[in-house]
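Asker: The following block contains the structure, expressed as structure tokens.
Throughout, read-outs are computed from the coordinates displayed, never taken from laboratory work. All values derive from a computational prediction rather than experimental measurement. As a convention, Cβ positions derive from the backbone with ideal geometry for all residues, glycine included, and neighbour counts pool all protein chains shown.
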Amino acid sequence: MKYKLEKRLAYLYSGELVSLFLFVILSYAANYLYSTLRLYSLYSFWISFIFLELLLLQGTSYWYIKLKRLRKENISITPIKIVRQLHRLKTMNIILIFISLIALIFDFIKWYPSFPLGGLQISFFIYIFALLEYINYFYIQLSYDNISDIKYLLKSKKLKQSCMNKDFKRTLKYLLSKDYL
């Protein structure tokens, strides 16, 4: 059981880490190869892209901490200190969601009527992808990429709570039981 969980956490951690670096390389390549998109000229691209990268960094850190703790202490429960930090980041992410949306509107207005449509579409796609990642991390698991997840989905016919969301609820229960709040 521990081996299976360790393998899963390593997969999640490494996948987020690879994505973090791969997206930087892809954005540079897209801007270089398709300069007419004017990606690097769009505020909406930068803010949405930075938001996505910050989310991937949060996910990478989260899975790494769980993996490290499992390997060292034989337990994968996220420490309360880390859960509290993630909860603060959750609030920061909500702010970035609105700033990204405002940047999309701003770029649309700024570049009207000759806006770089392809670049704006890419910026919008990155924004939507970041929004889905945010939901996947902090609320509901949207990614079902292994047999046990798919079996759960087929059997229960409902989406799972995200691991971070479970950690938030577990920590809140713990703090309430200890009268920390």
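Asker: Between Lys68 and Tyr112, what is the label-to-label distance in nm when each label sits 7 Å out along the Cα-to-Cβ direction?
Answerer: Placing both labels 7 Å beyond Cα along the Cβ direction yields 4.8 nm.
Asker: Just the ratio, please: alpha-carbon radius of gyration of the range 2-177 over 2.2 N^0.38 Å, N its number of residues.
Answerer: It is 1.18.
Asker: Taking H placed 1.01 Å from N in the peptide plane, check which residues at least 5 places from Ile140 or on another chain put their amide H under 5 Å from its amide H.
Answerer: So Ile140 has HN proximity to Ser162.
Asker: Given the rule -39500 (n - 2.57) for each run of at least 4 DSSP H residues, summed and divided by the residues of the chain, what is its mean residue ellipticity at 222 nm, to the nearest 500 deg cm²/dmol?
Answerer: -27500 deg cm²/dmol
Asker: Turning to a different aspect of this structure: Helix by helix through the chain, keep the DSSP H runs that span 15 Å or more along the axis on Cα and average at least 0.5 on Kyte-Doolittle, and give those back in order.
Answerer: Flagged H segments are 2-33, 80-111, 117-138.
Asker: Around Arg88, under 15 Å between beta carbons, what's the net of Lys plus Arg minus Asp minus Glu among the other residues?
Answerer: Residues near Arg88 contribute +2 overall.
Asker: With the crude spin-label approximation of a point 7 Å out along Cα→Cβ, what separation in nm comes out for Lys4 versus Arg88?
Answerer: 3.7 nm
Asker: Quick one: length gained pulling Lys178 to Leu33 fully straight, 0.36 nm per residue minus the C-alpha distance?
Answerer: Gain on stretching Lys178 to Leu33: 46.5 nm.
Asker: Can you list the lysines whose alpha carbon sits under 24 Å from that of Lys178, skipping same-chain ones fewer than 8 residues off?
Answerer: Lys66, Lys81, Lys90, Lys166, Lys169
Asker: While we're looking at this one, here's another question. Given charges of +1 on the Cβ of Lys and Arg and -1 on the Cβ of Asp and Glu, with all other atoms neutral, how large is the dipole of the chain about its Cα centre, in debye to the nearest 20?
Answerer: Its charge dipole is roughly 1120 debye.
Asker: Explain nothing, just the number: relative contact order of the range 43-147, from Cα pairs under 8 Å at least 6 residues apart, as a whole percent.
Answerer: Answer for the range 43-147 is 46 percent.
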